[in-house]
Amino acid sequence: MDVQQVQNNYGNIGFEALFNSASMGIIVVNDKGVIVMANKFANTLFAYYEHSMIGELLEQLIPQRYHSKHVGYRDGYIHKPQARAMGLGMTLSAQRKDGTEFPVEVSLGHFVKEEEKFVIAYIADITKRKQSEEKIIRQQTEMEAVNEKMKALNANLEETVKARTNELQRTLDALETSKEELTMSLEKEKEVNDLKSRFVSMASHEFRTPLSTILSSISLLAKYTNTEEQHKRDKHIDRVKSSVKNLTDILNEFLSLGKIEEGKVDVRPELFDITEFISGIINEMNVLLKLGQVFEYTHVGIPDTYSDSSLLKHVLVNLMSNAIKFSPENSIILIECTIENEAVIIKITDHGIGIPKMDQVHLFERFFRATNVTNIQGTGLGLHIVGRYVDLLNGTITYNSELEKGSTFTIQFPSKERNDFE
């Protein structure tokens, strides 16, 4: 049996079977929009009885609100038809006979029979798919809402953590500050206690010698009653004077240190002739020179100086006293003063015992005494006070010393009336 014969014998049977057993609605419409064929599935889908859909206008299957637009779309398609596959079709709203609506997807085809145009529509109910899509959309919306809420919570958490971290950091900073203040306070207290201990030790030693000398000299003075023993009395009187001076110097150093520590030292700059000033100090210090010791003073530059002469005198007297104390008899103590570029430079050089290298780093510390001067009277405060006074003059002090060859101390400070002396 050839193909033509099969088609002649079974063609109609095949079409009818496919048309009525299809699992989607199939509707055929003429060029007037009248339904001319509808399969069982289409009748069931739109709630029509068998064949009751035939003869109805296609718009009866569409909600009223879309009728006017749909007539235009239908006429346009009839005049210019083209196949539209399932899946590429539009998602539309369909209407059952009882007026209820449901979503459908429609694919279109067309054919011509006996010069009459027909459109065939394949209609699939996508209610379940739409419900699934809507469910997914709702879930997505809910998830987005949850995500937004999570973001808000995370942002709030971050802000809370940031605030707590800042608060913790402030607390830690406050604790660190308190720790530093407490440490400084403890160090200060320790330093004060150490100073008290060293002061008691030094004072008991330094006071004992001159007091013992005074006591013994006074006792001996009572024994020299004859006129011819006047020279012996004078000797002991000089010893008493010297001891009293030593005690006075020690007390003055303590008073100076106390004023410095309490910030009670006022700087009062004035204009004065520094050559006359240093010459006057030399004259005062001459009485303390050892046998054969001499001062040699030189000056370069203008003599006018603007500074605090009282503080400067204390500095020079201390340095010159040390030069006398630590230099041998028959030695020269050089004092050189230079004024240039509104700066005063004063050098005091001796040829004495010098300062051990290992001791030089501690030279300006309180109560420090070099290891080679333990048998020479002193408090260890002199150079510390000198350093503090030079600071008050906005100056600097440097030194160069070699053991058994002597030392040179150099002080430099500004000399000008606009100097503010902070």
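The values are calculated or read from the model by the stated rules, or taken from the named source; none is laboratory data. Values in this document were obtained by computation on a predicted structure and should not be read as measured data. Note: ideal-geometry Cβ built from the backbone for every residue, glycine included; neighbour counts use all protein chains shown. Keep in mind that these areas ignore ligands, DNA and RNA; they rest on the heavy atoms of the full protein, side chains included. Shrake-Rupley method; radii C 1.70, N 1.55, O 1.52, S 1.80 Å.
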Worksheet item: So how much accessible area does Met358 have, in Å² to the nearest 10, using a 1.4 Å probe?
Response: 140
Worksheet item: In Å, what Rg and Dmax follow from the Cα atoms of segment 279-422?
Response: 15.1, 46
Worksheet, complete the sentence: Accessible-area order for Leu288, Leu186, Leu312, largest to smallest, probe 1.4 angstrom, reads Leu186, Leu288, Leu312
Worksheet item: Label points 7 Å out from Cα along the Cβ direction at Lys357 and Leu57: separation in nm?
Response: 12.2
Discussion item. Let me cross-check Leu57: its accessible surface, 1.4 Å probe, with only protein heavy atoms counted, in Å² to the nearest 10?
Written reply: 80
Worksheet item: Rolling a 1.4 angstrom probe over the protein heavy atoms, how many square angstrom per residue are accessible across segment 74-165?
Response: 75
Discussion item. If I compute solvent accessible area with a 1.4 Å probe over the protein chains, what percent of it on segment 299-341 is carbon and sulfur?
Written reply: 51
Fill in: Within the accessible area of segment 64-170 (1.4 Å probe), percent carbon and sulfur
55
Worksheet item: Given a Förster distance of 25 angstrom, what is the FRET efficiency for Asp304 paired with Asn283, based on the Cβ-Cβ distance and rounded to 0.05?
Response: 0.75
Worksheet entry | Residues of segment 284-417: accessible area per residue with a 1.4 Å probe, Å² | 47
Worksheet entry | Stretch gain in nm, segment Thr141-Glu176, where the contour uses 0.36 nm per residue and the Cα spacing is subtracted | 7.5 nm
